[in-house]
1. If the requirement is being surrounded by fewer than 14 Cβ atoms within 10 Å (Cβ to Cβ) and in contact with a helix residue (DSSP H, G or I) (Cβ under 8 Å, 6 or more places away or on another chain), which of these qualifies: Arg202, Arg198, Arg191, Arg185?
2. For segment 201-221, enumerate the residues that are in a helix (DSSP H, G or I) and within 12 Å of Leu190 (Cβ to Cβ).
3. Quick one: count up the residues across segment 164-179 that are crowded, with 24+ Cβ neighbours inside 10 Å and within 16 Å of the ligand (Cβ to nearest atom).
4. Within segment 24-81, which residues are of a type in the set (S, T, N, Q), in a loop (DSSP other than H, G, I, E, B) and surrounded by fewer than 18 Cβ atoms within 10 Å (Cβ to Cβ)?
5. Within 16 Å of the ligand (Cβ to nearest atom), touching a residue at least 24 places away in the same chain (Cβ under 8 Å) and surrounded by fewer than 18 Cβ atoms within 10 Å (Cβ to Cβ): which single residue out of Arg262, Arg266 fits that description?
6. Are any residues in segment 130-163 away from the ligand (no atom under 15 Å from the Cβ), over 26 Å from the mean Cα position of the chain (by Cα) and farther than 15 Å from Arg315 by Cα, and if so, which ones?
7. Restricting to segment 216-235, name every residue that is loosely packed, with under 15 Cβ neighbours inside 10 Å and either away from the ligand (no atom under 16 Å from the Cβ) or not assigned by TED's automatic domain parsing to the domain that holds Arg161 (or both).
Amino acid sequence: MNRPERFRPPSVDEVLRSPHCELALARYGRPATTQAVRQVLEQMRQAEPHPAPVKAIAERALARLEDRERPSQRPVINLTGTVLHTNLGRALLAEEAIDAVIAAMRSPTNLEYDIEAGKRGERDAHVRDLVRELTGAEDALLVNNNASAVLLVLNTFAREREAIVSRGELIEIGGAFRMPDIMARAGAILREVGTTNRTHLRDYAEAIGSATGLIMKVHTSNYMVQGFTAAVEPAELAALAHQHDLPFVDDLGSGTLIDLARWGLRHEKTVQDALKGGADLVTFSGDKLLGGPQAGFIAGRKELVAQLAKNPLKRALRLDKLRLAAHEATLKLYRNPDRLADRLPTLRLFTRPAAALRSLAERVLPHVANVLGSGWIVEIADCSSQIGSGALPLETLPSAGITMKPSGKASGAALDKLAAAFRALPLPVIGRIAQGALVFDLRCLEDEDAFIRQLRMLKPEVGDALA
Ligand SMILES: *Cc1c(COP(=O)(O)O)cnc(C)c1O
C-alpha cells in the first residue's frame, strides 16, 4: 500500500539554530523570529506536500519579518493632479518648517514657558503675534484642525443657542465633515435661513431673536451655487450681527494669507479681507492653502478669542509643540512674499508652469513607454490639475502628464491591473483612471529620478502580456 509521504518538516528549533536564521535573530530578536518561523512552517504544512529546506524556511521567515516592519504610513508619489489631496496628507511642509519640527522633537522647548519671566507661558503665543502681523487680527489661537475651530466657536458662543446659517452654506466636506452635524455636536441649534440658491439679508434679520448665539458664514469650498442666486455680503451680515450685539463668524475653510492673483491664480478671499469685511472671528485650516501641518486657526477680536481660550474644549483640541513649531516657521515665510513660491511647497506646486511640466513629461515618457512595452500606447497629454481640499474648486491649473492605454481592445481590467502595479512599487505611484487611460498628472512630481529609477521594478506582467 502506497501511503502518501508524511510531511516531516524541520523543527522550529532546528531552523532557529541554523546559520540562515542569524540575520533575522540579530535584527528582530528571538520572540518575533520564533513566531515567524512557526508561521512559515504552519503555512507549509497546510499548503505544501514536501518539506522545504531549512534555508528556504529561514528566508521566508525573514521576508515576513521585513514585511511587518515596513511602515504602514509611507511616502507615495502623488500623480493624481490634486495638489492638496486630503487622502494623501494635504500640504507638504517647507524645509524651514521641517527643521523647526526636528529641533522641537529633539529637545525640551519653551512651549509653555516664558523664558524672560521664568514662569509659565502660553503655547499659542509662539504663533499669535505672527497671525496678528500677517492678518491684522487683534488676537488668534490654534486648535487641531478647522473642524475643531468651528466646533470650538459654536460651542463657546452658540451652545444651547441658535446659530444662524444660510441653507446654501450647509455643506458637506469630504471625510464626513457636515456642517449640521458639527453644529449638533457643538450643542448649537441650527437655524437655517433662506433657500439653497438664494438667501437675503431679511432672512437673517427675521431669524434673530432672544435665542440667537451667532451668525455664521461658511465658505462653500467644494462646490458653487450658480445661476439664479443671491447671497448676503459679509459686511452687511456683520452690520446686522453688530446691531444685535452678536458675533459674526466667517468660516473661510482654506485660509489664504496672501492674494493668490499675484501668481496668476484666482483671487481667493484672504483672512485679511474677511476681517476687514467685518468678521469678528475667522476660522481656517492650517494644511490647505496656508501650507503648514494640520491645524485650525481662529483669528479675530480679542475679547472673543479670550472666551474661546477659556472653554475647556480648547484644552482637548490644542496643538502639540511640533505643529506649533512648524506653523511658526511656515508663517514667517509669508513675511517675504517674493520668495514664498520658492520656499512653500504648495505654492511652488501650484505655480509650476505648464511648459516646464510638458518638458518633464517629454523626459519621463520614453522611460514609461520602454517599461510597458508594445502592449501600451503611452502619450503626453494636457491635464488640468486641481488645488484640492475644497480650496478654489473651480480653479484648474493647466498641466501636463502622460496617459497609458492598452493598445489592443480597451479593457478596464488591464487598466486596473496597471494602476495596481504602479501602486505596488516601493514608492507607490498614485494616478487616476479617466476615459480609458491611466493618467499621471506630473504637477506634483518633483523627484524625477526616483520615479524613473523605480520603474525598473514594475512587475513584468504588466507589459505586453496584459493588453
Ligand atoms: C476644509 C474645511 C473645513 C474643515 O477643515 P479641516 O482643517 O479639514 O478640519 C471646514 N470648513 C470649510 C469651509 C472647509 O473648507
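1. Among Arg202, Arg198, Arg191, Arg185, only Arg185 is surrounded by fewer than 14 Cβ atoms within 10 Å (Cβ to Cβ) and in contact with a helix residue (DSSP H, G or I) (Cβ under 8 Å, 6 or more places away or on another chain).
2. Of the residues in segment 201-221, the ones in a helix (DSSP H, G or I) are 201-207.
Result: Ala207, single match.
3. Going through segment 164-179, the residues crowded, with 24+ Cβ neighbours inside 10 Å turn out to be 164-166.
Then keep just the ones that are within 16 Å of the ligand (Cβ to nearest atom); that gives 165-166.
Residues flagged as crowded, with 24+ Cβ neighbours inside 10 Å and within 16 Å of the ligand (Cβ to nearest atom) within segment 164-179 amount to 2.
4. Of all residues in segment 24-81, those of a type in the set (S, T, N, Q) come to 33-35, 39, 43, 46, 72-73, 78, 80.
Next, from what is left, pick out any that are in a loop (DSSP other than H, G, I, E, B): 72-73, 80.
Result: Ser72, Gln73.
5. Answer to the check: Arg266.
6. The answer is Glu133, Gly136, Ala137, Glu138, Asp139, Phe157, Ala158, Arg159, Glu160, Arg161, Glu162.
7. Passing the criteria: Gln226, Gly227, Phe228, Thr229, Glu233, Ala235.
Yes or no, residue by residue, for (1) over 24 Å from Ala329 (Cβ atoms); (2) more than 16 Å from the ligand (Cβ to nearest atom); (3) not aliphatic (A, V, I, L, M):
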residue	(1), (2), (3)
Glu66	yes, yes, yes
Asn78	no, yes, yes
Leu84	no, no, no
Asn87	yes, no, yes
Ala91	no, no, no
Ala94	no, yes, no
Ala103	no, yes, no
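The values are calculated or read from the model by the stated rules, or taken from the named source; none is laboratory data. No experiment lies behind these values; they were computed from the predicted model shown. No Cβ is skipped: glycine too gets one built from the backbone with ideal geometry, and neighbour counts run over all protein chains shown.
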